[in-house]
Amino acid sequence: MKIFTDSSSDLPKSYYEKEDVHLFPLRVLIKGVEYDDVMGISTDQVYAAIAEGEVPKTSQVSLEIFLSTFEQLAQLGEEGIYIAFSSHLSGTCQSAILAKNQLLETYPNLKLAIIDTKCASYGQGLIVKEAVRLKKFGMAFDDVVAQLTEMANSMEHLFTVGDLNHLAKGGRISRSSAFMGGLLNIKPILNMEDGKLVPLEKTRGFKKATQRMLAIMKERGGDFTNKTVGISHSNDEELMHEVKVAIEEALHPKAIETTTIGSAIGAHVGRGTIAIFFTNK
């Protein structure tokens, strides 16, 4: 069984290599130069460019890459599962589905599941890690697909964005909103609804944002003693550590795993973003 994912899963490059997860890199454009995410550019380079005032652009994985890779799977007669970035945030998942449907005409026995996780960043990454675990456990293909789909449907995302000016430069909020938000120290809290990033509420200051996110976690997640919580951050380990400690003290989860928000998502949210991921009740 072959596991596929894309670079929006925000796992370290070393993880993909060690666990034999095939990575489809999204593309990142900076100063007129296009790079393969993870493989051709590091998050440090992307955040350094953002610090200089750049607004990187991103693009989806091409249909041709999916066709080439999935055809190899078909020719080998292997099973495959592609754990995809939310279809509401990128056309990557749809391109993969188109590639699969084209190949089924030539390879009707192609056994490939494409899971639209409706997730991003480490929410998607946690599902990839579960896929690797289930594969090692020797679970049957259909059972793995069912379990991963259930996990994706229960994954919660909570974000607070640090740099409103970056969002304004990218056209995601107005410059006047960014200016007023900066004056008032507004920290918006966002979450994912059906794979779309949606504003949830506004708080004043990072401390209040953290407190509110902890309250939402408790409401939605219930008992955390047997849950793994994921935290991803964009170029702010100190902030991430504060959130990690707060979660440990308030909710006592089984484990907390951390990662850096990768280039594809970091290009859009900017520096100083903290995201929390967990499964709901």
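Among the conditions (1) more than 21 Å from the chain's Cα centre (by Cα); (2) at pLDDT 90 or above, R204 misses just one, which is (2).
When E54 is tested against the conditions (1) modelled with pLDDT of 95 or more; (2) over 30 Å from N153 (Cα atoms), the lone failure is (1). Candidates in region 110-158 are the residues that are β-branched (V, I, T) and farther than 30 Å from K202 by Cβ; of these, the one that is most open to solvent (accessible area, probe 1.4 Å) is T149. In this structure, V28 does not satisfy being under 21 Å from T260 (Cβ atoms), in a loop (DSSP other than H, G, I, E, B) and touching a Ser or Thr at 6+ places or on another chain (Cβ under 6 Å).
Within region 32-87, which residues are among the charged types (D, E, K, R), closer than 25 Å to R133 by Cβ, in contact with a Leu (Cβ under 8 Å, 6 or more places away or on another chain) and open to solvent by 50 Å² or more (accessible area, probe 1.4 Å)? Across region 32-87, the qualifying residue is only E79.
For region 254-281, filtered to residues that are within 16 Å of G221 (Cα to Cα) and surrounded by fewer than 19 Cβ atoms within 10 Å (Cβ to Cβ), the residue that is nearest to the chain's Cα centre (by Cα) is N280.
When residues in region 148-161 are screened for being under 10 Å from I189 (Cα atoms) and outside any strand (DSSP E or B), 1 of them pass. Name the pairs whose Cβ atoms lie under 7 Å apart, with the first residue in region 125-146 and within 18 Å of T279 (Cα to Cα) and at pLDDT 95 or above, the second of a type outside the set (K, R) and open to solvent by 60 Å² or more (accessible area, probe 1.4 Å), and 6 or more positions between them or separate chains? Close Cβ pairs (under 7 Å, with a partner that is of a type outside the set (K, R) and open to solvent by 60 Å² or more (accessible area, probe 1.4 Å)) amount to L134/Q147. Looking at K169, is it in contact with a helix residue (DSSP H, G or I) (Cβ under 9 Å, 6 or more places away or on another chain), surrounded by fewer than 19 Cβ atoms within 10 Å (Cβ to Cβ) and either at positive phi or at pLDDT 90 or above (or both)? It is false that K169 is in contact with a helix residue (DSSP H, G or I) (Cβ under 9 Å, 6 or more places away or on another chain), surrounded by fewer than 19 Cβ atoms within 10 Å (Cβ to Cβ) and either at positive phi or at pLDDT 90 or above (or both).
Checked against (1) among the β-branched types (V, I, T); (2) under 18 Å from the mean Cα position of the chain (by Cα); (3) surrounded by fewer than 18 Cβ atoms within 10 Å (Cβ to Cβ), I231 meets all criteria but (3). Of the residues screened, Y82 is not one that is farther than 12 Å from D6 by Cβ, among the hydroxyl-bearing types (S, T, Y) and in contact (Cβ under 8 Å) with a residue 60 or more places away in the chain. Selection of region 97-115 for residues being outside any helix (DSSP H, G or I) and of a type outside the set (S, T, N, Q) yields Y107, P108, L110, K111, L112, A113, I114, I115. From the residues in region 172-201 that are β-branched (V, I, T) and open to solvent by 30 Å² or more (accessible area, probe 1.4 Å), which one is modelled with the lowest pLDDT? Only one residue fits best here, namely I173. I'd like to verify a number: residues in region 119-145 that are out of contact with any helix residue (DSSP H, G or I) (no Cβ under 7 Å at 6 or more places or on another chain) and at positive phi, how many? Count: 1.
The values are calculated or read from the model by the stated rules, or taken from the named source; none is laboratory data. Since we're looking at a predicted model, the values are computed, not measured. Methodologically, a virtual Cβ is constructed for each residue, glycine included, from the backbone with ideal geometry; neighbour enumeration extends over all protein chains shown. The accessibility values were calculated without ligands, DNA or RNA, using every heavy atom of the protein model including side chains. Shrake-Rupley method; radii C 1.70, N 1.55, O 1.52, S 1.80 Å.
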